[in-house]
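Visitor: Dropping the structure in here first, questions after.
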Amino acid sequence: MKLERQTDARWWQRGVIYQIYPRSFHDMNGDGVGDLAGVIHRLPYLAELGVDAIWLSPVFRSPMADFGYDISDYKTIDPLFGTLEDCDRLVEAAHAQGLKVILDLVPNHTSDQHPWFTESRAGRANPKRDWYIWRDGAPDGGAPNNWLSDFGGSAWQYDPASDQYYYHAFLASQPDLNWRNPEVRAAIYDVMRFWLARGIDGFRVDVIWHLIKDDQFRDNPVNPAFGAGSPPHNAVIPLYTADRPEVHEVIAEMRSVIDEFAGRLLIGEIYLPIEKLVAYYGRDLSGVHLPFNFALLSAPWEAGSLAKLIADYEAALPTGGWPNWVLGNHDRPRIAGRIGPRQARLGAMLLLTLRGTPTIYYGDEIGLQQVAIPLERLHDPVATSVPDHALGRDGCRTPMQWDGSAYAGFSAVEPWLPLSDDWRERNAAEQKHDQRSIYWLYRRLIELRRSNQVLLQGSYRTILARGDLLLFIREYSGHRLLVALNLGNDPASLNFEEGTLRGRLVLSSSLDREDEDVDGRLDLRDAEGVIISLSQDAEV
């Protein structure tokens, strides 16, 4: 049965989310940087691909020290991306195409150029002083404690004018808000209502597990596992700077704001082990709708490891908690770079057949590669402030490759980051003409997912995870799909007992085996995945 795009309050359970890094999606004004007009221009592509929602990385006014994650005004659009009216036009145009729009909200910290911080920094007696986290130095001099910035060095910045330090979990130009202050909470909730009233369909909340810090400012424990090659901030365990118990009270308040508007979505960015991640659904599901599950971003690409990861996640979900999966994002190397372009097709099949809401990172649908960025073109503050430039994130943020024209159709001028070397061959236009491309695999998978209740609502059960082979079943109302993935570089064959495997192959990762009958034996090429619609009498 064919399903249209969902408009009910649970659209996000049936939908596919597509993350756009606006700087790199499409440039319409010819400055080499993507903008909101460019997103509007490419909406027909997204509707044709079949996704249901777009999530935009930050577009609010910002000095761009961390490319929009340092906000100086939460209620307007940075001129680099356009205007507030452009954002309104984007929402209207997206809704006309049946697409939802999700904004990236960054409430943990602001830019040091935000008027709130300007006031806070003006003096100890300023009414907004307590909107940020200020402390006296240690009795023997220096920073108040051993808290470290994720971007390197101490998380405390000395302010000579007031002889105090302020806390910044990231850059010194990104001071952390004090979420223990009710006025701060009210101000951010006001921001949320501002955008929700303009028609935004939800928020992805940046570093939501960081919002509350220890009120006693205790030293973080030394990390005994810290060693060579580890990011510098991993020298301590962030026991007192992240994932504090009180954060769930704050998130429940955020959720109550979202619930004032029908059918809106709250997503939380949370890099935590699964057993801690699931707490962010909240008591009685009063937390975020989707605590982002990033487990696939770092999982070993091996059948047993993947099966265990999936089983552990399914088992940990609270009653009624809806799962979700992420294969790539703006902070981690691209999937095609992590596991190779052929295995990336299996990644797509896994992402779009697991139970729950999938998020696609822009360009992954054309197999966009991780790009090696020359030192002179590095922009990411992680790369420029930490000695190990390999930690930088520029390589997964390069421009979308639209066609074979100059600058891959992204811009009329040199883009802010370099293109992949293969842009003349690996681009959306070329792949749309190739019915066996990874683009068409994504498109067919999304179409199958939308049209099949088994993939939308069905249960999950692993039936084999051995060597390079991962096989699982999705089942709903007596109908079953078998997903079989060969993660190895050699062909594989499986013989089943008589009567246990019988059905029809409905989709293969190679896009050339549809409608094959399957009866007792399953043959898989190297790095191939298939989806089989099982017969009612099959006993597998």
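The values are calculated or read from the model by the stated rules, or taken from the named source; none is laboratory data. Model, not experiment: these values are computed from the prediction. Neighbour counts are summed over all protein chains in view; Cβ atoms, including those assigned to glycine, are modelled from backbone coordinates with ideal geometry.
Visitor: Got at least one residue in segment 15-32 being outside any loop (DSSP other than H, G, I, E, B), touching a His at 6+ places or on another chain (Cβ under 9 Å) and of a type outside the set (S, T, N, Q)?
Guide: no
Visitor: When residues of segment 221-279 are filtered for being within 17 Å of residue 149 (Cα to Cα), hydrophobic (A, V, I, L, M, F, W, C) and out of contact with any Pro (no Cβ under 7 Å at 6 or more places or on another chain), how many remain?
Guide: Result for segment 221-279: 4.
Visitor: For residue 140, state whether it is modelled with pLDDT under 95, crowded, with 16+ Cβ neighbours inside 10 Å and not assigned by TED's automatic domain parsing to the domain that holds residue 73. Working first, answer last.
Guide: Details: modelled with pLDDT under 95: yes; crowded, with 16+ Cβ neighbours inside 10 Å: no; not assigned by TED's automatic domain parsing to the domain that holds residue 73: yes.
No.
Visitor: Test residue 283 against the criterion of being buried (at least 21 other Cβ atoms within 10 Å of the Cβ), closer than 24 Å to residue 313 by Cα and either in contact with a His (Cβ under 9 Å, 6 or more places away or on another chain) or not assigned by TED's automatic domain parsing to the domain that holds residue 143 (or both), and give yes or no. Give the steps one after another, and end with the answer.
Guide: Details: buried (at least 21 other Cβ atoms within 10 Å of the Cβ): no; closer than 24 Å to residue 313 by Cα: yes; either in contact with a His (Cβ under 9 Å, 6 or more places away or on another chain) or not assigned by TED's automatic domain parsing to the domain that holds residue 143 (or both): yes.
Judged against the criteria, residue 283 is not a match.
Visitor: If you don't mind, another one. Kindly establish whether residue 344 is more than 29 Å from residue 448 (Cβ to Cβ) and either touching a residue at least 40 places away in the same chain (Cβ under 8 Å) or part of a loop (DSSP other than H, G, I, E, B) (or both). Steps first, please.
Guide: Working: more than 29 Å from residue 448 (Cβ to Cβ): no; either touching a residue at least 40 places away in the same chain (Cβ under 8 Å) or part of a loop (DSSP other than H, G, I, E, B) (or both): yes.
Against the criterion (more than 29 Å from residue 448 (Cβ to Cβ) and either touching a residue at least 40 places away in the same chain (Cβ under 8 Å) or part of a loop (DSSP other than H, G, I, E, B) (or both)), residue 344 does not qualify.
Visitor: Which one is nearest to the chain's Cα centre (by Cα) among residues in segment 292-341 that are among the polar types (S, T, N, Q) and either crowded, with 17+ Cβ neighbours inside 10 Å or assigned to a loop (DSSP other than H, G, I, E, B) (or both)? Steps first, answer last, please.
Guide: Let us first name the residues in segment 292-341 that are among the polar types (S, T, N, Q), namely 293, 298, 305, 319, 324, 329.
Going one step further and asking which of them are either crowded, with 17+ Cβ neighbours inside 10 Å or assigned to a loop (DSSP other than H, G, I, E, B) (or both), we end up with 293, 319, 324, 329.
Numbers: 293: 9, 319: 24, 324: 10, 329: 5 Å.
Among those residues, the one meeting the criterion is 329.
Visitor: Which residue, of 34, 30, 38, is without any contact (Cβ under 8 Å) to a residue 40 or more places away in the chain, out of contact with any Gly (no Cβ under 8 Å at 6 or more places or on another chain) and small (Gly, Ala, Ser)?
Guide: Working: 34 fails: without any contact (Cβ under 8 Å) to a residue 40 or more places away in the chain; 30 fails: without any contact (Cβ under 8 Å) to a residue 40 or more places away in the chain.
So the residue among 34, 30, 38 that is without any contact (Cβ under 8 Å) to a residue 40 or more places away in the chain, out of contact with any Gly (no Cβ under 8 Å at 6 or more places or on another chain) and small (Gly, Ala, Ser) is 38.
Visitor: How about segment 504-540: which of its residues are among the small types (Gly, Ala, Ser), at pLDDT below 95 and crowded, with 17+ Cβ neighbours inside 10 Å?
Guide: Taking segment 504-540 as the starting set, the residues that turn out to be among the small types (Gly, Ala, Ser) are 508-510, 520, 527, 529, 533, 535, 538.
Still in the list and also at pLDDT below 95: 520, 535, 538.
Of everything in segment 504-540, those that are among the small types (Gly, Ala, Ser), at pLDDT below 95 and crowded, with 17+ Cβ neighbours inside 10 Å turn out to be 535, 538.
Okay, residues lined up against (1) surrounded by fewer than 18 Cβ atoms within 10 Å (Cβ to Cβ); (2) in a helix (DSSP H, G or I); (3) under 25 Å from the mean Cα position of the chain (by Cα); (4) not hydrophobic (A, V, I, L, M, F, W, C):
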{"position": "144", "(1), (2), (3), (4)": "no, no, no, yes"}
{"position": "161", "(1), (2), (3), (4)": "yes, no, no, no"}
{"position": "173", "(1), (2), (3), (4)": "no, no, yes, yes"}
{"position": "193", "(1), (2), (3), (4)": "yes, yes, yes, yes"}
{"position": "215", "(1), (2), (3), (4)": "yes, no, no, yes"}
{"position": "218", "(1), (2), (3), (4)": "yes, no, no, yes"}
{"position": "233", "(1), (2), (3), (4)": "no, yes, yes, yes"}
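Visitor: Let me ask another. For residues in segment 54-68 being in contact with a Leu (Cβ under 9 Å, 6 or more places away or on another chain) and closer than 14 Å to residue 172 by Cα, which is surrounded by the most Cβ atoms within 10 Å (Cβ to Cβ)?
Guide: The qualifying residue surrounded by the most Cβ atoms within 10 Å (Cβ to Cβ) is 66.
Visitor: Now a separate question. Pick out, from segment 35-121, the helices (runs of 4 or more DSSP H) lying fully within it that include 1 or more residues that are among the hydroxyl-bearing types (Ser, Thr, Tyr), modelled with pLDDT of 95 or more and outside the structural domain of residue 190 (by TED's automatic domain parsing).
Guide: Details: elements: 36-41, 43-49, 84-96, 115-121.
The helices (runs of 4 or more DSSP H) meeting that bar are 115-121.
Visitor: Sticking with this structure for a sec: Are there any helices (runs of 4 or more DSSP H) wholly within segment 379-453 with 3 or more residues that are under 27 Å from residue 52 (Cα atoms), and if so which? Walk me through how you get there before you give the answer.
Guide: Numbers: elements: 381-385, 428-433, 438-451.
Because the criterion is at least 3 residues that are under 27 Å from residue 52 (Cα atoms), the helices (runs of 4 or more DSSP H) in segment 379-453 that meet it are 428-433, 438-451.
Visitor: Filter segment 75-103 down to the residues that are surrounded by 21 or more Cβ atoms within 10 Å (Cβ to Cβ) and not aliphatic (A, V, I, L, M) and list them by number.
Guide: 78, 81, 82, 87, 100
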